[in-house]
1. Which whole-number percent gives the relative contact order of the chain, counting Cα pairs below 8 Å spaced six or more residues apart?
2. Using the Cα centre of segment 6-130 as origin and beta-carbon charges of +1 (Lys, Arg) and -1 (Asp, Glu), tell me which of N74, I85, A112 is placed farthest towards the positive end of the dipole.
3. Using protein chains only and a probe of 1.4 angstrom, how many square angstrom of H134 are accessible, to the nearest 10?
4. Run the 1.4 Å probe and let me know the accessible area of L349, rounded to the nearest 10 Å².
5. Run the accessible area of segment 274-366 with a 1.4 Å probe and give the carbon-and-sulfur part as a rounded percent.
6. Putting +1 on Lys and Arg Cβ atoms and -1 on Asp and Glu Cβ atoms, find which of A234, F206, L175 reaches farthest to the positive end of the dipole of segment 175-246.
7. So for segment 295-444, averaging the separation of alpha carbon pairs under 8 Å that are six or more residues apart and normalising by length, what relative contact order in percent results?
8. Mind scanning K152/K313; K152/K418; K327/K418; K172/K313; K152/K265 and naming the pairs with a C-alpha gap bigger than 26 Å?
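The values are calculated or read from the model by the stated rules, or taken from the named source; none is laboratory data. Remember, predicted model here, so these are calculated numbers, not experimental data. Glycine gets a Cβ as well: all are built from the backbone with ideal geometry, and neighbour counts include every protein chain shown. Protein only, heavy atoms only, side chains kept; ligands, DNA and RNA dropped before computing areas. Shrake-Rupley method; radii C 1.70, N 1.55, O 1.52, S 1.80 Å.
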Amino acid sequence: MTHDHDLVLRPTEAQISAALNPPPGRNGGDLVVETLAALGATTVFGLPGQHALGMFDALRRSDLRYIGLRVENNAGFAADAYGRITGEAAPLLLSTGPGALTSLAALQEAAAASAPVLAISSQIPTAGLGGGRHGYLHELPDQSASFRGVVKSVHTVRAQSQIPSAIEAAWKSALTAPHGPVWVEIPQDVLLAETSIPVVTGGDAFPEELPPRPELTAVAADLLSNAARPAIIAGGGVVRSDASGKLRQLAEVLQAPVVTTPGGKGAFPWTHPLSLQSWIEDRHTTDFLEDADVLLVVGSGLGELSSNYHTFKPRGRVIQVEADLGKLESNHPALGVHADARLALQALLETVMPRSDEEAPERVREVLARVADRIAAQELTLEQDVLASVRRALPAGSPSFWDMTILAYWAWSAFDAKGPNLLHSAQGAGGLGYGFPAALGAAVADPTRPVLAVSGDGGALYSIAELATARQYDLNVTWLIVDDGGYGILREYMTDAFGQATATELTRPDYVALAESFGVPGVRTTPETLADDLSKALGSPGPSVVVLPAVLRMFAPTHL
């Protein structure tokens with residue numbers, strides 16, 4: 001009796017001949033790029049370094065497109081965005097020690113946001129592995145230990161024959177829900193040595209699926225079908241698993257209002273009658289969600305932002321669908337369903353009974369009206385006008401990437417993303433410098449539409465060197481820099497807490513002149529001319545910078 005898994009495809013005579021007679025002049029680096037190409041990669045990001053030169057030399061002999069950035073952390077942010085936009089694992093090539101470690105903050109953001117990044121680093125020569133102090137350049141006692149608490153999986157290669165399998169395992173790990181960054185490290189001598197291993201021509205690029213347990217979705221469907229006041233919180237897992245359509249279907253079948261988290265922006269239509277939008281940092285929204293007798297949380301761990309800074313105390317039953325096992329019931333007791341959001345929503349769609357609730361849209365309108373009244377009472381016209389100008393200028397299908405800056409905090413709550421996978425920010429890990437290099441990665445992923453980056457002047461200085469990258473590859477990114485002369489949100493926090501701010505004020509350059517020195521057109525704008533200036537910049541091919549000198553304020557928090 002023959003089982004399906006016993007069947008092995010027999011190689012053709014041409015394949016056998018090619019395997020027995022590999023082309024000369026290949027090294028371990030060729031095995032890296034051949035494996036990436038066999039898995040379906042077309043583009044790699046990175047920065048060369050002495051130990052990694054075997055990989056970079058091999059790029060010359062491959063069809064992979066290389067995008068080189070100026071700082072490893074920024075290369076990581078670009079790969080993160082490429083992974084978010086395409087849904088593919090984005091290869092990130094790095095060198096040993098300082099080069100590798102400089103990427104850590106970007107990999108933390110990718111992990112927090114479930115962005116699939118395949119980081120491949122060189123290592124010191126094989127003889128130095130094991131923790132001894134040999135004095136190699138870039139040597140660490142255990143380089144992988146620096147990454148083990150950040151990435152999904154770590155894969156250390158010690159021989160050329162391990163390269164294809166290690167990269168394939170890492171690729172599948174990055175793309176298995178929850179998506180995330182993974183780490184492969186290969187010693188310098190393994191990369192440089194000539195190889196007689198056959199050219200890599202295939203690989204299993206299909207990740208493992210994570211379906212829900214049927215007994216759990218049966219209980220969840222029964223609870224939702226019989227709820228009096230169901231509600232839904234949609235997180236980043238809905239966006240990452242491309243489940244927005246299924247979310248909308250389920251909400252309409254159940255007549256359940258939906259609020260999205262900052263990571264779930266665009267997962268549900270902004271103007272839908274059941275849309276509570278993304279005002280999740282508002283007490284009126286928190287009160288509404290607490291009043292739900294059954295609350296479905298999809299693709300969110302209900303962390304700090306998504307729980308209105310842990311003030312959210314649900315009174316009804318909570319159903320939590322989450323692909324990250326560590327986040328399941330980590331903040332609230334729930335019927336925990338460990339599953340990919342798309343597969344879980346499909347299972348619920350197949351088992352729930354339709355509900356009728358003519359009052360649900362009216363209750364949604366009442367909450368949004370109370371939120372609007374609260375904001376209107378705070379005299380924040382400038383901030384609302386600036387955000388509205390950005391929305392008017394940005395084409396509906398264009399993605400935007402927001403740094404950790406006051407305008408981004410407004411966008412989390414008040415910006416209509418116009419669809420899933422279009423608004424991205426560094427709210428996962430909360431580090432500075434994300435917006436511009438991430439936007440560059442998105443422009444590489446899809447050059448057919450303009451991309452917007454938004455930074456404050458403090459965050460802009462983290463990634464200003466990438467103006468050279470934008471110009472070198474002529475990437476279609478418009479960078480809006482809101483210049484308030486310092487770390488604006490920290491200035492606000494410190495003034496509120498201590499009466500005055502310390503270490504928040506910055507001497508900053510003339511950003512327009514600086515952009516022009518890189519050959520990137522720049523313009524200084526005002527709140528009144530912002531929409532027009534942004535529209536012109538976004539409508540012109542290639543990179544551009546728009547600088548808005550303005551001091552913006554945050555709306556008052558409701559969690560204190």
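1. 13
2. N74
3. 110
4. Accessible area, nearest 10 Å²: 40 Å².
5. That fraction is 48 percent.
6. Checking the options against the dipole of segment 175-246, the answer is A234.
7. Worked out over segment 295-444, it gives 14 percent.
8. Beyond 26 Å: K152/K313; K152/K418; K327/K418; K172/K313.
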